[in-house]
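The values are calculated or read from the model by the stated rules, or taken from the named source; none is laboratory data. Just so it is clear, the model here is predicted, and its values are computed rather than measured. Note: ideal-geometry Cβ built from the backbone for every residue, glycine included; neighbour counts use all protein chains shown. Calculation scope for accessible area: heavy atoms of the full protein, side chains included, ligands and nucleic acids excluded. Shrake-Rupley method; radii C 1.70, N 1.55, O 1.52, S 1.80 Å.
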Amino acid sequence: CVASSAAAFAETDQEVAAHAVALDLAGAFSNDGFKIRDGHWSATLAAHETKLIAVSLYAGNQYWFSAGATESGKHLTLELFNETGALVPTDKYRADGKAAAGVTVANSGQFYVRVGLDEDASAGVCVLYSYK
């Protein structure tokens with residue numbers, strides 16, 4: 001499933017709360033010169049659900065993808081795949097309700113961020129990314 005912009009529909013209170021968590025995490029990367037890209041993706045994920053988010057990335061740029069979840073979403077996973085579906089190695093960060101993946105891509109193109117919820121309950125989740 002490829003997700004579209006969250007701006008097309010109203011966000012739930014859980015998704016708004018998850019957005020605040022993701023922004024807090026992304027703020028740490030802005031201290032290193034990363035700019036938070038306008039826009040974000042948010043949804044309420046069911047237990048053990050994953051979603052793919054399509055992103056266009058540019059060769060030579062550094063990126064950090066930041067995910068945040070509401071209280072019930074303590075264990076998030078974030079992975080990056082290239083246009084052929086191959087897993088792209090990333091620097092990883094994970095804490096309760098937060099996950100991040102950092103990468104510098106060698107080739108411009110379409111990539112896919114997979115966000116997952118390793119929980120037995122649903123949670124609001126938000127993903128955004130920073131670049132430099």
Leading residue by the ranking (farthest from Q14 (Cα to Cα)) among those in the range 59-100 that are among the charged types (D, E, K, R) and within 14 Å of the chain's Cα centre (by Cα): D91
Pick from the range 59-72, criterion among the hydrophobic types (A, V, I, L, M, F, W, C) and part of a strand (DSSP E or B), ranking: farthest from G109 (Cα to Cα): A69
Residue that is farthest from L23 (Cα to Cα) [pool: residues in the range 94-118 that are open to solvent by 30 Å² or more (accessible area, probe 1.4 Å) and part of a strand (DSSP E or B)]: Q110
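I'd like the full set of residues that are open to solvent by less than 40 Å² (accessible area, probe 1.4 Å) and in a helix (DSSP H, G or I), limited to the range 22-39.
Across the range 22-39, the qualifying residues are A22, L25, A26, G27, F29.
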Selected residue (criterion: nearest to S130 (Cα to Cα)) from residues of the range 70-87 that are among the β-branched types (V, I, T) and open to solvent by 30 Å² or more (accessible area, probe 1.4 Å): T77
Any hit, the range 40-58, residues being assigned to a loop (DSSP other than H, G, I, E, B), open to solvent by 20 Å² or more (accessible area, probe 1.4 Å) and more than 22 Å from T12 (Cβ to Cβ): yes
Residue check for A67: closer than 22 Å to F34 by Cα and either loosely packed, with under 14 Cβ neighbours inside 10 Å or β-branched (V, I, T) (or both): no
